[in-house]
Every structure is written in structure tokens, then in C-alpha cells.
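Please treat every number below as a calculation from the coordinates, not as lab data. Because the structure is a prediction, the values reported are computed rather than measured. Using ideal geometry, Cβ is built from the backbone for each residue, glycine included, and neighbour counts are taken over all protein chains shown.
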Amino acid sequence: MKRILFPMMFAAVLVACAVSCKDPVEPTPTPTPTPVDTTDNDLTFDKPTCDPFTHQIVDGGFENCWYKVALQNEVYVEYQSSLLYSLNSLHALMEIPALMMTSAPYTAYRERTDPHGGTSCMKLVSGMLSDQSKGQILVPGAIAPLDENFVDQFLNAPDGMNVKHPYSDKPTAFKGFYKYAPVNADKGSVRVELYAGNNIIARGYQEFEGNVNSWTAFNVPIDYTVNGGTFESAAPTHISIVISSSAGYDFADLTHCTGEPGSTLWVDDIEFEF
């Protein structure tokens, strides 16, 4: 059923979000290999049952919520915990000949070469969604609380894609470990927002910049003073967490996404502090 919807959904996205091809940027990033290799033979095509997200980050070490997805001509790896979901399903655009796609990138990878802890970490790589007639659109390497039908939401919801998840706790910080390899002056980022209904009552944000070749700790304080108001006593209803290899993302309008294809952010062992 989802494949039947893809042509209508993404034809509309590409018409609405087409941007002119940019001149080539030097140096050209080294192409990222296909996510599936011999180290992924332990994965199955069954989506794993990850623990419910109620208090602490689920699968903060990115060990357990990976699975394989079969398209007509290939297999790729997807990540979906009970909180965070990657953008890898965009690669299904390549299965729609009418869209004349020349590339639809993978942006989330199961990295097992040098995790901070355990056997794997999350590798996020910004890429370009390219069409022979419509040009190119930047797709940030990102994980967020997206729904499986995030494309439908982008097309039909007035506020764009939902990046919120029900949540009632009040963490004081979001922390973990990262490495970063930007292209040119690109920056990565992590953003945490707590909501009471539609109102933001707390926020934490940090950008990553420059080459960081070894695992480095980050700790993002979550501030309950927002827009001049103090919300320490407010009860959260939802949370949003967006981790991206290009900080200039916009899930409400793809034409607003800015960044550099090839910028790569590794994250591992993420968790809340209370």
C-alpha cells in the first residue's frame, strides 16, 4: 500500500521543493558505501521489538533497533526505535521510474568499525536527492521522532512532518558522544524540545563544527526558561529530539534545508540526565 502512495507523494514533494543544481563544491566528498555489507548478515527483515519509550532514551547505544528492508533490486538497513526513526526510506524513490530519480540517498548507517561503546553506533551522512528534470534537494543525515508515514504528513499536515513523541518526564540535560567530519563550513546539531500541548516549555541545542576525529562527550542542558517565561512547574506532554549532520534542516519545507552533502556525524551512547 505504501508503494502505491509513493508516486503521488513524492511527485508533489519534488514539484514543491525543486531547487536549482548548485555548482560542484571542491573537494568532492568520498562516496559513502552501500549500508548493507557482510557485517549486516546478522540482521533480519523483521523489524525488532524495541522497548517502549517512557523515561530514558531507548537503545541509546544504537545496538538493537536495526533491521533490513528489501526493495525490488537491493536490500538496505533501516533504524527505528520506539523514539527515533531515520530517513532511509526515502531511498524507495529509486523504485519509481516516473520520477526519473538519479539518486535518493541513504543518510543513516549502522557503523561497526569504531563505536564508542558496544558493537555499533549511528552514522549520519547528508546527501542529495537528485532528479534528472527537477534538480537537487539536500537531505540531511538525521534521526528524529518521525512517524512511518512522515511523507504523508509532510504533504498534508499544515505544520509539516510530526517530530514529537508523547512524553511526560522532565530531563535536565541530553548527553552522549560524537565525532564529526563536515564538508566545508557545514555544522551538525542536536536539538531537544519539550512541549505542553503545542507550546514549547523547554529547549536544549548544540552545534558541532570542525573535524572531531575521536569520540568526544557532549552535554546539552535543557532550559525550562523559554521566550521570557519560566516553565519549571509545567507538565510536558511531548518531546522532540533531532540529531542531524547538517544543522540547517527544515522538516516543514525541504526547500529550506541547507548544508553540504557528505557531512558526517557519528553519535553513540546518548541518554537523558535528570
Ranked from fewest to most other Cβ atoms within 10 Å of their own Cβ, Trp266, Trp215 fall in the order Trp215, Trp266
Karplus-derived 3J(HN,Hα) from phi for the stretch 268-274 (6.51 cos²θ - 1.76 cosθ + 1.60, θ = phi - 60°), whole Hz, x at Gly and Pro, runs 7, 6, 7, 6, 8, 10, 10
Listing Leu146, Leu194 by rising number of other beta-carbon atoms within 10 angstrom, fewest first, gives Leu146, Leu194
Within the under-13-Å Cβ sphere about Glu63, not counting Glu63, Lys/Arg +1 and Asp/Glu -1 give a net charge of -4
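Can you check what the net charge comes to around Phe208, using other residues whose Cβ is under 11 Å from the Cβ of Phe208 (Lys, Arg +1; Asp, Glu -1)?
Surrounding charge for Phe208 is -1.
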extent check for the stretch 143-274: Cα max minus min per principal axis, descending, whole Å, gives 40, 36, 28
Listed with the fewest Cβ neighbours within 10 Å leading, His55, His91 appear as His55, His91
With Pro182 itself left out, Lys, Arg at +1 and Asp, Glu at -1 over residues whose Cβ is under 13 Å from its Cβ give -2
